[in-house]
Amino acid sequence: MKTLTKEYRWVILAIATLAQACACFFVQGFGAIAIHVKNEMSLSNWQIGILVSAAQFIPLIGLLVAGELLDKYSERFVVGMGTVIVGVALCGAALVNSYTELLILLTILGLGYSTAQPGGSKSVSNWFAGNQLGFAMGIRQAGLPLGGAIAALSLPLIATRYSIQAAFLTGGLVALFGATLFMLLYKSPERQHRPPKKQVDLRSAIASRFMMAKDPSMRNIMLSGASLTASQYAISVFLALYLHTSLGLDSFVATTMFFVVLGAGITGRIILAAWSDRCKAGRYFPVLTCLGAVTVFLTLLPLLETKNLAIVSVFMALIGFFAYGWYGPWVAYVAETAPADRKGFALGMAMTANQISVVLVPPIIGLSRDSLGTFAYGWGVLAIISAIVLFITSRRKKEIVMASG
């Protein structure tokens, strides 16, 4: 029986990864059809950014609640029902034609999307521990760029051949499939004992998170996560548009380059998380490495003027590896340092800080492009922020090590 339970964790890892890929399919792949949505609905770059922020606005509060729910209820219910909401909202988006209606439905989508990240992460961390946690978490977190990569290949074709409404419908059906699969196959480990169920008190949950945020390690987690999330989502939403409008690549090639970014991100999440299992400098060191790499590549991105696809592809792969790969070791570090009975709590709090970047950055980058006529200033500001956060968190990390030693 123990052998069966031990082997079943790989089934859990597979369905958690697939469920995340399905839940994130449309949200992470939206950048691939941003050109189509912009043209068909006659939108500005700022309006495109607002659409992305709409899907991520409710998780600002939703993650606070989701983390608390995950500590008291089954991941099967919390993650499954959340992904159902994502699917229903996207199916509804396929039936509307106005920007305002689409904005409302994507906001509703965010209600369900709140459970996708902390829920799947807790599911995996419950089954894996020790020197396999980072590797397992890296595979699970690869679900996000995996879903985005598949979407980057399929959604533009669907939008071109049929319509953007058909692309929304596809995203909804994929999310519903992932929800069904997760609810059917997920099981909690036998050794896990859940605390008695209590009513969620939102006010006390928020107060508790503010207190936990005073911990130096959690400050590093939140600051680095918010910075790297800002860069990741700016790339996710606007990179294909940037390559098309600024570098002069046609829309198909620009979308293909975005697929390269996401493919490299899948590899990065697994490799960097596995490295964090064995890194002598600690599990957080790979995150610092990603901050440094993102600083360099975002600085160089506005200077990239060649249309040589070999050079552009290598550059995109490097950006994707670090700008998406950071999440694997980062979330493994959060899960490992959190108390066993408060993992959902800690993951929800850390990811809430990330959501601030997700909500604010896309419209700001879009507005800067509309106002200044270039994405270069946006990439430059993100590079500067990454450099500052790298300096602050690496210095604080040394202080934490010295204090604990």
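On the given criteria, is SER224 assigned to a helix (DSSP H, G or I), at pLDDT below 85 and hydroxyl-bearing (Ser, Thr, Tyr)? For SER224, the condition - assigned to a helix (DSSP H, G or I), at pLDDT below 85 and hydroxyl-bearing (Ser, Thr, Tyr) - is not met.
The condition (being crowded, with 24+ Cβ neighbours inside 10 Å and either at pLDDT below 85 or in contact with a Gly (Cβ under 6 Å, 6 or more places away or on another chain) (or both)) is satisfied by just one residue among VAL287, VAL237, VAL200, VAL294: VAL237.
Number of residues in segment 203-221 that are in a helix (DSSP H, G or I) and modelled with pLDDT of 70 or more: the value is 6. For segment 56-77, does any single residue satisfy the condition of being at pLDDT 80 or above and buried (at least 24 other Cβ atoms within 10 Å of the Cβ)? The answer is no, given that none of the residues of segment 56-77 is at pLDDT 80 or above and buried (at least 24 other Cβ atoms within 10 Å of the Cβ).
Close Cβ contacts (under 6 Å, 6 or more residues apart or on different chains) running from residues in segment 248-276 that are within 22 Å of PRO329 (Cβ to Cβ) to residues that are not in a helix (DSSP H, G or I) comprise ILE266/ALA142; ARG269/ALA142; ILE270/ALA142; SER276/ARG283. Being free of Cβ contacts under 8 Å to residues at least 60 places away in the same chain and of a type in the set (Phe, Trp, Tyr) is the filter; apply it to segment 312-334 and report the residue that is farthest from PHE135 (Cα to Cα). Filtering first and then ranking leaves PHE315. Taking each residue of segment 363-384 that is without any contact (Cβ under 8 Å) to a residue 12 or more places away in the chain and looking for partners that are surrounded by fewer than 15 Cβ atoms within 10 Å (Cβ to Cβ) with beta-carbon atoms closer than 8 Å, six or more apart or interchain, yields nothing.
Scanning segment 245-291 for residues that are more than 17 Å from the chain's Cα centre (by Cα) and among the charged types (D, E, K, R) turns up ASP250, ASP277, ARG278, LYS280, ARG283. Can we say ALA23 is at pLDDT 85 or above, farther than 25 Å from ALA254 by Cβ and crowded, with 23+ Cβ neighbours inside 10 Å? The answer is yes for ALA23.
Of the residues making up segment 144-157, those that are out of contact with any Cys (no Cβ under 8 Å at 6 or more places or on another chain) and more than 16 Å from VAL253 (Cα to Cα) number 2.
Does THR170 fit the bill of being modelled with pLDDT of 85 or more, part of a helix (DSSP H, G or I) and surrounded by fewer than 18 Cβ atoms within 10 Å (Cβ to Cβ)?
In short, no.
The values are calculated or read from the model by the stated rules, or taken from the named source; none is laboratory data. What you see is a predicted model; the values in this text were computed from it and never measured. Note: ideal-geometry Cβ built from the backbone for every residue, glycine included; neighbour counts use all protein chains shown.
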